[in-house]
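The structure appears below as C-alpha cells.
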Amino acid sequence: MSGQNGKRGRACVVVLGDLGRSPRMQYHALSLARQASLEVDIIAYGGSEPHIAVLSHPSIHIHTMTQWPKIFQGLPRIFRPIMLLLKPIIQFFMLLWFLCLKIPSPDVFIMQNPPSVPTLVAVRWASSLRNSAFIIDWHNFGYTLLSLSLGRNSRFVSVYRWIENHYGKMADGSLCVTKAMQHELAQNWGINATVLYDQPPEFFHPTSLEEKHKLFCRLDKDLRQPLGSGDCVSGGSLGMGNYELNETLFTTQVDTDIFLKPNRAALVVSSTSWTPDEDFSILLEAAVMYDRRVAAVLNEDDSTNEEFLWKEISDGKQYVYPRLLFIITGKGPEKEKYEEKIRRLHLKRVAFRTMWLSAEDYPLLLGSADLGVCLHTSSSGLDLPMKVVDMFGCGLPACAVSYS
C-alpha cells in the first residue's frame, strides 16, 4: 500500500485500552510495519509496557491517551448511570482529537472491538473526515461484555448493541478470530468478515535450559515470597537458596553446567485479566482436590506437620506426586479478592504466586512451565483466548475451558 505521490503508506491502529495488554493489536502493528512496509501510528492507553519489538521498530509510532481517572471508579452506585453516559462522551472527543489532529492522515484505520462505544463512532467519523478506509477487528461483542455487569435486559446494553451493529456495518472491512464469529456476523449482523486466526509471533518458542535458569534467577525473590505466612515452596529452609551454586527453585548451575532439580515443583502457569469471564474458583477447587487426594494416597492425616513435610522436601526428598507451583500473571479488578481466598487455603503441596511479567519474560515463563491453564469463558461464546495460542507456540500443553 502506498500513499499519494508515491509516498509510503500509513496505517493507524486504534485500541481503547492498555496497549501492553492487547497483544493481537501489537502484532497487527508489527505485521503492517514489517510485511506491508507501512508507517504505523498506534493510538491507545498506556499502563503496561508493549513488547520491545513494537517499541523499537522505527516505523511504529505510539500515541498515548490519558486514562479515565480512577477516582470515578469509587463513586457510589447512584452515580453509575451518569458515569455510563459521561465516560464515553469524554473518550469520544479525546479519540477524535488524536484521530483527526494528532496523527498524519492514514490510508486505513484498524480498530479493536470491543470496546465498541465510543470507538466505533469516533473511528467512523475520523475515517470519513480524513478519507481513510475503516477496518474492524472483531475480538468479541462489546454488548455481551457489558451485559455481564448490567444484565442482558438493561437498556444500556440494548443501546450499546444497536450502536455496535449500526456502526459495525459501516466498516470497509472486518476481521474476526473464529469461524463461529464469522457466521454470527454474517447471519445476524449483515457483516461479511474474514477469519484471521491468532498466531504466536516468533518470540513465543520453547525455552532453553539456559534461558530458564536466567529467568528463574530474575524471578527468584518473587517466587520465594509466599502469599500467606508460608507454603511448600517458601516454607522452612526451602526459602534459602544456595547462591554460591547459583541455585534457583527449579535449576542449579555448577560451573558452566545447568541442571533441573529432580525434586522441583511442577510449574503451572495461567494468565488472566481477573475479570468475571474467568472463574478462578475452578482452579482453587482443583488445587484443594489435588492436595487432599495426594494426602489420602500417602495415608497422611490432618495432623501431619506441614513444616516437617517442607523440611523433608528442602532436604531433597522426592515424592511420587510433585508439589505444584501456580504462577498466575496479569492485572485486573478481581485480583485482590482471589489473593485473599488463596491466603485462606493453607495447602501442604500447592503454592500460588501472582505477578505481572514484562512482555519479554512472559513467553520465557510459558516455555519454562510444565502446564498452562486457561479459564477464559467467552461472554459471546464465539471468541477464543489468544493465551492458548501463545502456550502452543512455546510448546506448552494447555488445559482450557471447553468450547463448542
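The values are calculated or read from the model by the stated rules, or taken from the named source; none is laboratory data. The shown structure was predicted, so the numbers you read here are calculated from the model rather than taken from an experiment. Positions of Cβ are backbone-derived with ideal geometry, glycine not excepted, and every protein chain shown enters the neighbour counts. Quick note on the areas: whole protein, heavy atoms, side chains included, nothing else; ligands and nucleic acids left out. Shrake-Rupley method; radii C 1.70, N 1.55, O 1.52, S 1.80 Å.
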Rounded to 10°, Cα long-axis angle of helix 23-34 versus longest principal axis of the chain: 60 degrees
Rounded tilt (10° steps) of 155-168 against the dominant C-alpha axis of the chain: 70 degrees
Farthest towards the positive end of the dipole of the chain, among Ser48, Ala286, Asn153 and with Cβ unit charges of +1 on Lys and Arg and -1 on Asp and Glu, lies the Cα of Asn153
Where a ≥ b ≥ c are root eigenvalues of the Cα gyration tensor, a/c under 1.5 meaning rounded, otherwise prolate if a/b exceeds b/c and oblate otherwise, the chain counts as prolate
Just to verify a number: what accessible area does Leu347 come out at with the full protein assembly present, 1.4 Å probe, Å² rounded to tens? 20 Å²
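Please give the length that would be gained between Gln187 and Glu340 if that part of the chain were fully extended, namely 0.36 nm times their separation in residues minus their C-alpha to C-alpha distance (nm, one decimal). Can you show the working numbers first?
Numbers: separation 153, 0.36 × 153 = 55.08 nm, distance 4.44 nm.
Taking 0.36 nm per residue and subtracting the Cα distance, the gain is 50.6 nm.
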Ignoring ligands, DNA and RNA, please state the percent of accessible area on the chain from carbon and sulfur, probe 1.4 Å. 55 percent
Rounded, prolate or oblate: which fits the range 325-368, taking a ≥ b ≥ c as square roots of the Cα gyration tensor eigenvalues, rounded meaning a/c under 1.5, else prolate when a/b beats b/c? oblate
For the range 99-149 and the range 264-303, compute the distance between their C-alpha centroids and round to whole Å. 41 Å
Linear extension gain, Val297 paired with Val254, 0.36 nm per residue minus alpha-carbon span: 11.9 nm
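Answer rounded, prolate or oblate for the range 105-176, using the Cα gyration tensor with square roots of eigenvalues a ≥ b ≥ c: rounded when a/c is under 1.5, else prolate when a/b is larger than b/c, else oblate.
Verdict is prolate for the range 105-176.
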Kindly work out what percent of the DSSP beta bridges joining two residues of the chain are antiparallel, to the nearest 5. 15 percent
